[in-house]
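S.K.: Before anything else, here's the structure in question.
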Amino acid sequence: MKQLLRALKRCSVIAAVALATVSLQPSGASAAPNPVVGGTRAAQGEFPFMVRLSMGCGGALYAKDIVLTAAHCVNGSGNNTSITATAGVVDLQSSSAVKVKSTKVLQAPGYNGKGKDWALIKLAKPIEQPTLKIATTTAYNQGEFTIAGWGAATEGGAQQRYLLKAKVPYVSDADCQSAYGSDLVPGEELCAGLLATGGIDTCQGDSGGPMFRKDNAGAWIQVGIVSWGQGCAQAGYPGVYSEVSTFASAIASAAATL
Ligand code: 4AZ
């Protein structure tokens, strides 16, 4: 039962994403929805490492030919030419979108639906965009984080055509455990969101995408991978992210095998 609840809470991969995307008004038009839940439109080139995956997940360029995403976005490990990565654009329908197929998938060793929610996707050719470095210590597991994705802008809502972004503060393991109890794996997951009010969060289809911040040198650094949560942007229920620093050495070892 617990496993079922977790499965329900955990992001489901969205089918038929390309056709399900919704056209938002160009910026400046009225009534723009609040994307990512409570966010705004990202500028072209603002997060050049962002990738949209064809199964309906996000990801980030760990290397020019390797995408870091969530384990729950993939079906296992091995040769796999069925995934398309779209990059280089905020508008998924742009004619300048770069689309590259996968060749292999590596799901986190030991992944069983609780924690360890990371995976790597090897691409058929490099994407000429900047990569996103990953945190190798817990030093950046604090402060304010940026989240971004093409997922739903409201709980249960449509996938988005344009990349959306927002900022969310760190939530302590203790506060996050008050929400999720033993479903949370504190050493492998970290939480972020507006605990008191809700209103800003990742949501269905943002899964696998990065949560990131600036490091001390002013460069973007990935601290989380969108993983799960109870609904989206609910007060008292922060978003749960894979704790990238915990897996940094395992990710690097795995990448070296691809
Ligand atoms: C999902 O289903 C999902 N509010 C992603 C993030 C969160 C919840 C669900 C966190 O992809």
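S.K.: What's the local net charge at Thr81, with K and R +1, D and E -1, over the other residues with C-beta under 12 Å away?
M.R.: Around Thr81, the surrounding residues sum to +3.
S.K.: Taking springs between alpha-carbon atoms closer than 10 angstrom, which of Asp65, Asp183, Asp201 fluctuates most in the Gaussian network model of the chain?
M.R.: Answer for the Gaussian network model of the chain: Asp183.
S.K.: Can you flag which of Lys101/Lys133; Lys64/Lys133; Lys104/Lys125; Lys114/Lys167 are past 19 Å Cα-Cα?
M.R.: Lys101/Lys133; Lys114/Lys167
S.K.: In the chain, which whole DSSP H runs stretch at least 15 Å along their own axis (Cα) and average -0.5 or higher on the Kyte-Doolittle scale?
M.R.: For the chain, where a helix must reach 15 Å along its axis and average at least -0.5, the hits are 244-256.
S.K.: Cα extents of the chain along the three principal axes, largest first, in whole Å?
M.R.: Principal extents (Cα only, largest first): 49, 46, 42 Å.
S.K.: Find out how many positive minus negative residues lie around Gly149, taking Lys and Arg as positive, Asp and Glu as negative, among other residues whose Cβ is under 10 Å from that of Gly149.
M.R.: +1
S.K.: So, one more: With +1 assigned to the C-beta of every Lys and Arg and -1 to the C-beta of every Asp and Glu, and no other charges, what is the dipole magnitude of the chain about the Cα centre in debye, to the nearest 20?
M.R.: 620 debye
S.K.: Indicate, rounded to the nearest 5 percent, the antiparallel portion of the DSSP beta bridges found entirely in the chain.
M.R.: Of the beta bridges lying entirely in the chain, close to 95 percent run antiparallel.
S.K.: Find which of Phe212, Gly231, Ala250 sits farthest along the positive direction of the dipole of the chain, computed with +1 on the beta-carbon of Lys and Arg, -1 on that of Asp and Glu, about the Cα centre.
M.R.: Of the options given, the answer is Ala250.
S.K.: What residue among Gly156, Gly39, Gly239 has the largest mean-square fluctuation in a Gaussian network model of the chain, using Cα springs under 10 Å?
M.R.: Gly156
S.K.: Which of rounded, prolate or oblate describes the stretch 167-258 when judged by the alpha-carbon gyration tensor and an a/c cut-off of 1.5?
M.R.: prolate
S.K.: Among Gly236, Gly45, Gly218, whose mean-square fluctuation peaks in a Gaussian network model of the chain (Cα, cutoff 10 Å)?
M.R.: Answer for the Gaussian network model of the chain: Gly218.
S.K.: When only Cα pairs under 8 Å and 6 or more residues apart are kept, what is the percent relative contact order across the chain?
M.R.: 24 percent
A short reminder: the numbers here are calculations on the coordinates, not readings from a lab. Not measured: the values here are computed from a predicted model. When we count neighbours, we look across all protein chains shown, and the Cβ atoms used for this are built from the backbone with ideal geometry, even at glycine.
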